[in-house]
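Participant: Attaching a single structure in structure tokens format; questions to follow.
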Amino acid sequence: MLPARGDFSDLDSNVQELLDGEMCYAIDQDQYYQKEGSILVPVGATKAQGLLADSALQDAPSDGVQYCRKDGIWSEVVSSGGGGGGDGEGLSTRATYLASSGSIAPGASANIVLPGFTTYALYSIEVSGPAWVRLYINGSKRSADSGRSRDNDPTANSGVIAEIITTGAEKVEFGPAVLGYCSTGTLIPARITNLAESGSSSSIITEVTILKLEA
């Protein structure tokens, strides 16, 4: 069954017709959304962003061996060999996922979800512009934390995995890596605030680099 399709304004005004968790597609934004409560949350990258990511794979080796790419160089993935009583599976490799906030005005916020894992190590968060980004363990914790200002630290049991504040396009790397998890499913709920001081509405692209830690 194909997801509901239409301009975002039409989908948003008829969001009550969608089931919770149901996907839809905004034709005018070339963006998929998922209903979460009473709002539509952007899911994954747009087609144009996906094409940009695909272009980085054009020079990938095709000899049947598993490779990973770092700093423009392809390296062969070496498995753990199943030693030490393991289950024989190879080591996981880092994965990079991104999502767009959709068009938001300076000072405004948007909820998004990023592909993730049940449990993961978070290595970095990268944004395309000035932004305040928060990652959570579930959507309920995100909703409960939505009234907090960026000048205040999250409270105990707030469900915040990590947060960053940038003054422009920037990649923030964590050392050591941050341990994160999703209490339900494998999607990482996030909230993005556009910190541009002025100007027109814009989309903030958020990219996370994570490592799967749990089957």
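Each value in this text was obtained by applying a stated rule to the coordinates, not by laboratory testing. Model, not experiment: these values are computed from the prediction.
Participant: So what are the three principal axis dimensions of region 114-215 from its Cα atoms, in whole Å, longest to shortest?
Facilitator: 44, 25, 22
Participant: How far is the Cα center of region 181-215 from the Cα center of region 12-33, in Å?
Facilitator: Cα centroid to Cα centroid, the span is 19 Å.
Participant: While we're on this one: Taking H placed 1.01 Å from N in the peptide plane, check which residues at least 5 places from ILE188 or on another chain put their amide H under 5 Å from its amide H.
Facilitator: LEU114, GLY116
Participant: Also, I was wondering about something else. Using modelled amide H (1.01 Å from N, peptide plane; none on Pro or chain starts), what sits under 5 Å from the amide H of VAL160, excluding residues fewer than 5 places away?
Facilitator: Under 5 Å from the amide H of VAL160: no residue qualifies.
Participant: Now for a separate question. By the gyration tensor of its Cα atoms, with a ≥ b ≥ c the square roots of the eigenvalues, what is the shape of region 1-43: rounded for a/c under 1.5, prolate for a/b over b/c, or oblate?
Facilitator: Since a/c stays below 1.5, the shape of region 1-43 is classed as rounded.
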